[in-house]
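Step one of this worksheet: look at the structure below.
What follows is calculated from the coordinates using simple rules that are stated; it is not laboratory data. Quick caveat, the model's predicted, so the values are computed rather than measured. Here the Cβ positions follow ideal geometry from the backbone for every residue, glycine too, while neighbour counts run over all protein chains shown.
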Amino acid sequence: MAGITPHILIVDDQRPFQLMLKGILHSLGYRHIDFAHHGELALQRCQQQRYQIIFIDYNLGTGKNGRQLLDDLRQFGLLDPDAICMLVTGENTVPMVISAVELEPDDYLMKPFSQSVLRMRLQRIQQKKQQLLPLYQAMSMKDWPTAEVQARFLLTQAPRYAPYLRRILVQALLHTRQIDAARTELSPLLAERRPPWALLQLARIELESGQHPRCQQLCEEALAGNKYLVEAYDLQSENLARSGDPDHARQLLKKALEISPFQLQRLEQFFQLSVATDQQEDWLAAARQMYELTRRAGSNDPRQLLNYVRCLLNAACASTDPGNKNRLQQESLLLIHRARRDEHLLRKIDYEMFETVCMARLDAADGRQLQARRSCLDLVTQYVDGSPLAADLAMLCDQVNEYELSEQLQAQLLFGTDSIAERLWQQQQQQIAPQRLAFSQFSRQGLSCYQSADYAGASQNYEQALQLAPLHSSTQLNLLQSLLQYISTEPKPAPGLAAKPLELLRRIRQQALSAEHQERLQQLQEQFDALKAQGKTGT
């Protein structure tokens with residue numbers, strides 16, 4: 001930044017603060033100053049102009065907050081290695097401060113601040129940036145071998161930054177899997193004064209080495225010095241999850257979220273642990289928070305919206321409490337309809353199809369099985385291979401007992417990096433697995449009996465299967481065929497048994513059928529008519 005006139009961007013939604021900060025900066029000799037009153041405009045400006053200094057207010061009203069903006073600037077490579085990025089806020093609550101510090105901005109300013117404080121902070125950061133520029137350049141390119149070399153060199157040239165350089169050196173060694181070298185670097189630090197960052201780096205090493213008790217001990221030591229050290233809770237939680245205690249891991253992550261509730265990755269992990277431990281209230285709350293964070297940020301990624309709807313639907317389908325089921329269904333409907341206003345979220349998906357699938361799933365959960373099944377078969381004809389909604393349609397197929405269609409769709413599931421959608425799919429599969437297993441067993445036994453000409457036994461097994469999956473059309477047709485075969489071979493069929501085919505035919509005709517099943521039904525209808533003419537079936 002030396003030798004050039006810095007371009008400065010002030011990102012704040014309050015005009016008075018913009019003008020006040022511009023006045024201070026003018027007094028310090030800065031002239032090229034731009035404003036952005038929301039995160040989206042700030043991103044646009046940074047795409048058009050490389051800024052050397054950026055002030056970002058944490059709370060930006062609607063749209064992205066300061067945290068999300070800084071994440072985006074880094075993700076899209078809009079910050080030069082020597083650029084200075086300072087977070088500014090008027091709030092001093094613990095969650096707000098911790099959330100800001102977690103991002104590791106170059107500095108963090110509390111409103112109000114004086115001209116002298118700002119001058120001192122800028123001078124200090126500019127000096128550090130210039131002296132450590134080769135290291136920042138390597139880190140920005142994620143070139144960790146070069147970062148290691150630069151950190152070692154700068155330890156001899158800029159000893160005043162030794163604590164920071166040692167921390168980056170250990171990070172570089174861990175990134176390049178030099179575990180023993182990282183231990184060696186940490187040993188003298190921990191022998192002297194045991195700084196929290198060093199304790200946590202060693203805890204990470206112990207975790208990766210499978211030393212779970214030692215990892216837990218080091219995290220507890222770090223927390224004893226600072227109960228707001230949120231990274232220690234994260235590490236403890238991961239350690240407990242890997243060692244087979246997901247419920248305790250979930251509780252620790254819940255503490256971390258109470259301290260710093262705005263990190264998406266932490267919320268995702270909390271969601272996964274809550275599903276694994278069957279804590280419905282927690283995983284619904286996590287899904288809601290992830291959706292709200294991305295919606296407020298003006299994100300174009302629809303995944304959190306879709307996943308929150310899926311969460312509500314899965315919970316409603318699994319609920320045995322009528323009041324709770326109704327509440328979840330109403331919340332699902334409200335969210336599905338309200339989401340239509342968030343047009344920026346719906347550009348990448350066929351939301352009309354998603355909405356239709358969801359409404360059919362709600363119909364099935366509310367006992368309107370025939371209507372849900374009709375919608376399901378219509379949707380299958382509209383389905384395009386490779387659609388991101390394959391899992392949603394497969395879940396609907398399972399709800400209306402179209403297991404074969406569900407299996408065909410499962411071959412096309414593409415979750416990619418969407419671990420939440422994948423987890424919700426697995427959750428629904430676990431819920432229906434016992435029913436599907438019992439259904440399959442009765443179906444196989446029915447087929448075996450039929451192939452052995454035991455038509456009565458086949459009928460009994462198919463009836464048992466239909467107790468578990470009443471709308472499974474293939475099994476209904478199998479039962480009808482078995483009954484007709486039994487009646488045709490039995491000299492004197494029981495009156496009650498003789499009436500069953502007619503009742504079953506009437507039920508099947510009420511349902512939507514595939515072309516293949518319609519053809520088969522017609523053949524069985526002709527067989528029934530022939531037996532009826534012989535007086536062997538009910539009228």
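Compute the distance from the alpha-carbon center of the range 1-44 to that of the range 446-524, in whole Å.
Between the Cα centres of the range 1-44 and the range 446-524 lies a distance of 77 Å.
In a solvent-free Debye calculation with one equal scatterer on each Cα, what is log10 I(q)/I(0) for the range 265-432 at q = 0.10, 0.15 Å⁻¹, listed in the order of the q values?
With no solvent term, the Cα-only Debye profile gives -0.33, -0.80.
For the pair ARG509/ARG444, report the inter-label distance in nm, with labels modelled 7 Å from Cα in the Cβ direction.
Inter-label distance under the simple model: 3.6 nm.
Can you give the calculated 222 nm mean residue ellipticity of the chain, where each DSSP H run of n ≥ 4 adds -39,500 (n - 2.57) and the sum is split over every residue, rounded to the nearest 500 deg cm²/dmol?
Helix-only estimate at 222 nm: -22500 deg cm²/dmol.
So what's the convex hull volume per residue for the Cα atoms of the chain, in Å³?
Details: hull volume 98.7 nm³, N = 539.
Dividing the Cα hull volume of the chain by its residue count gives 183 Å³.
How much length is gained on full extension from THR5 to GLN522, taking 0.36 nm per residue of separation minus their Cα-Cα distance?
177.7 nm
About its Cα centre, what dipole magnitude does the chain give when the only charges are +1 on Lys and Arg Cβ and -1 on Asp and Glu Cβ, stated in debye to the nearest 20? The partial results should precede the final answer.
Working: 58 positive and 61 negative charges, 237 e Å.
In total the dipole reaches around 1140 debye.
Under the Karplus relation 6.51 cos²θ - 1.76 cosθ + 1.60, θ = phi - 60°, what is the ordered set of whole-Hz ³J(HN,Hα) values for the range 191-208, x standing for Gly and Pro?
My calculation for the range 191-208 gives 6, 8, 9, 6, x, x, 4, 5, 4, 6, 5, 5, 4, 4, 4, 5, 4, 5 Hz in order.
Give the distance, in whole Å, between the Cα centre of the range 156-226 and the Cα centre of the range 322-398.
49
Per 0.36 nm of contour for each residue apart, how much would the distance between GLU404 and ASP321 grow if the chain were fully extended, relative to their Cα-Cα spacing? Each step should come with its number before you reach the end.
Numbers: separation 83, 0.36 × 83 = 29.88 nm, distance 2.98 nm.
Once the chain is fully extended between GLU404 and ASP321, it gains 26.9 nm.
Determine by what factor the alpha-carbon radius of gyration of the range 480-539 differs from 2.2 N^0.38 Å, reporting the quotient.
1.10
Going 7 Å from the Cα of GLN75 along its beta-carbon direction, which residues of the range 242-281 have the amide nitrogen within less than 12 Å of the resulting point?
264-265
Taking the Cα centre of the range 219-301 as origin, work out the dipole magnitude from +1 charges on Lys and Arg Cβ and -1 charges on Asp and Glu Cβ, in debye rounded to 20. All intermediate terms of the calculation are to be shown ahead of the outcome.
Numbers: 9 positive and 14 negative charges, 58 e Å.
Here the range 219-301 has a charge dipole of around 280 debye.
Where does each of 232-241, 8-17 land if you order them by average Cβ count within 10 Å, highest first? List each step's numbers first, then the result.
Values: 232-241: 23.5, 8-17: 18.5.
Highest-to-lowest ranking by the protection proxy: 232-241, 8-17.
Starting from 0.36 nm per residue, how many nanometres of slack lie between ARG50 and THR184 once their C-alpha separation is accounted for? Don't jump to the answer; show the numbers that get you there.
Values: separation 134, 0.36 × 134 = 48.24 nm, distance 3.98 nm.
Additional length available on full extension: 44.3 nm.
Of the peptides 402-412, 187-197, 150-160, 269-279, how do they stack up when ordered by the mean number of other Cβ atoms within 10 Å, highest first?
269-279, 402-412, 150-160, 187-197
Measuring from label point to label point, each 7 Å out along Cα→Cβ, what is the HIS32 to ALA453 span in nm?
Label at HIS32, label at ALA453, 9.5 nm between them.
So what is the relative contact order of the range 435-533, in percent, for Cα pairs below 8 Å that sit 6 or more residues apart?
Dividing the mean separation by the residue count of the range 435-533 yields 23 percent.
How far, in degrees from 0 to 90, does helix 230-242 lean away from the longest principal axis of the Cα atoms of the chain, to the nearest 10?
Between helix and principal axis, roughly 40 degrees.
Hey, for a label at ARG193 modelled as a point 7 Å past Cα toward Cβ, could you say which residues of the range 144-180 have their backbone N under 16 Å away?
What the label zone holds, given the 16 Å backbone N cut-off, is 159-167.
How large is the charge dipole for the range 341-493, taken about the Cα centre, if only the Cβ atoms of Lys, Arg (+1) and Asp, Glu (-1) carry charge, to the nearest 20 debye? Provide the component values of the computation, followed by the final result.
Working: 11 positive and 19 negative charges, 70 e Å.
Charge dipole of the range 341-493: 340 debye, to the nearest 20.
To two decimal places, what compactness ratio does the range 1-131 give when its Cα radius of gyration is scaled by 2.2 N^0.38 Å?
In units of the globular-protein estimate, the range 1-131 measures up at 0.97.
Go ahead and run the numbers for FRET between ARG119 and VAL149, Cβ-Cβ distance against an R0 of 51 Å, rounding to 0.05. Intermediate values should be presented prior to the final figure.
Details: r = 34 Å, r/R0 = 0.66.
Working from the Cβ atoms, E equals 0.90.
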